[in-house]
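Take a look at the structure set out below.
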Amino acid sequence: MQTLELVHLWNSTDPIGRAVALVLLFMSIASWGVILSRGWDVWRLRRCLPTALSRFWSAPSLETGHQLLQASPCGRLLAPLSAATLELGPAARRPGFDHSGQLTRSLRQGLTEITMYLESGLTLLASTAAVAPFVGLFGTVWGIYHALLGISRASSVQLDVVAGPVGEALVMTAAGLFVAIPAVLAYNFLNRANRILMAAADGFAHDLHASATAGEAWNPSEPRRPRGVGA
């Protein structure tokens, strides 16, 4: 019955109303794609983070720790930072090399890469949450206008003649809200999750910098004392 009503609604609207419906459908599919993919990524990252950090700090060398990070689900979150530290290994042993300053710049670049990864898709969710209600409202206004034109041409005006087209036009507003509400909730959830993950990445970068600049330059080939998670 609902399928027949949707078919009737589709057939009774004009090309502009159909275009609005297609835009809302596209926004809904795109936003749910981001919600599912980013939600899965966040769940995996938060689940593997303690184990990945523990294995890294327990590794006998920086190369081994970096390989462990790359093989773990947390590779996209932590591996850019260990890679930035690993690349400075040979250069750090040159006389006069500003190891601390160069390492800081490399780690900052790694944090920027991680931020771009974590924030991917959030712009689409924010845009969907902000625009979808107005797209639905535009569809409603256009549908009511289209219905009033039909009513003005009718020889007699009855309640069912007015209520039917206006009620069908209001469906667009409901569709816009149906698209926007999940996008708003997902955007807020992912923003909070990203703040937690970025805090973990920032702490890992701080620990890497402290370990690499403590005393002499960090030779990645030398074994290191195992460290605890978040040490």
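The values are calculated or read from the model by the stated rules, or taken from the named source; none is laboratory data. Since the structure is predicted, the reported quantities are computational estimates derived from the model, not experimental observations. Backbone-built Cβ (ideal geometry, glycine too); neighbour counts: all protein chains shown.
Got at least one residue in segment 74-85 being modelled with pLDDT of 90 or more and β-branched (Val, Ile, Thr)?
no
Hey, can you tell me all the residues within segment 111-140 that are touching a Lys or Arg at 6+ places or on another chain (Cβ under 9 Å) and polar (S, T, N, Q)?
Result: Ser120, single match.
Criterion first (at pLDDT 85 or above, under 29 Å from Leu22 (Cα atoms) and over 28 Å from the mean Cα position of the chain (by Cα)) does Thr140 satisfy it?
Working: at pLDDT 85 or above: yes; under 29 Å from Leu22 (Cα atoms): yes; over 28 Å from the mean Cα position of the chain (by Cα): yes.
So Thr140 fits the description; yes.
Mind counting the residues in segment 101-127 that are more than 16 Å from Phe204 (Cα to Cα) and either of a type in the set (Gly, Ala, Ser) or at pLDDT below 90 (or both)?
Selection size over segment 101-127: 6.
All but one of (1) in contact (Cβ under 8 Å) with a residue 40 or more places away in the chain; (2) surrounded by fewer than 15 Cβ atoms within 10 Å (Cβ to Cβ); (3) part of a helix (DSSP H, G or I); (4) of a type in the set (S, T, N, Q) hold for Gln109; which doesn't?
Answer for Gln109: the failing condition is (1).
Just need a number here: residues in segment 112-143 that are free of Cβ contacts under 8 Å to residues at least 60 places away in the same chain and of a type in the set (Phe, Trp, Tyr).
Within segment 112-143, residues that are free of Cβ contacts under 8 Å to residues at least 60 places away in the same chain and of a type in the set (Phe, Trp, Tyr) number 2.
Take segment 67-83 and flag every residue that is in a helix (DSSP H, G or I), in contact with a Lys or Arg (Cβ under 9 Å, 6 or more places away or on another chain) and surrounded by fewer than 23 Cβ atoms within 10 Å (Cβ to Cβ). Steps first, please.
As a first pass, look at segment 67-83 and keep what is in a helix (DSSP H, G or I): 67-71, 75-83.
Filter again for in contact with a Lys or Arg (Cβ under 9 Å, 6 or more places away or on another chain), leaving 68-69.
Answer for segment 67-83, where residues must be in a helix (DSSP H, G or I), in contact with a Lys or Arg (Cβ under 9 Å, 6 or more places away or on another chain) and surrounded by fewer than 23 Cβ atoms within 10 Å (Cβ to Cβ): just Leu68.
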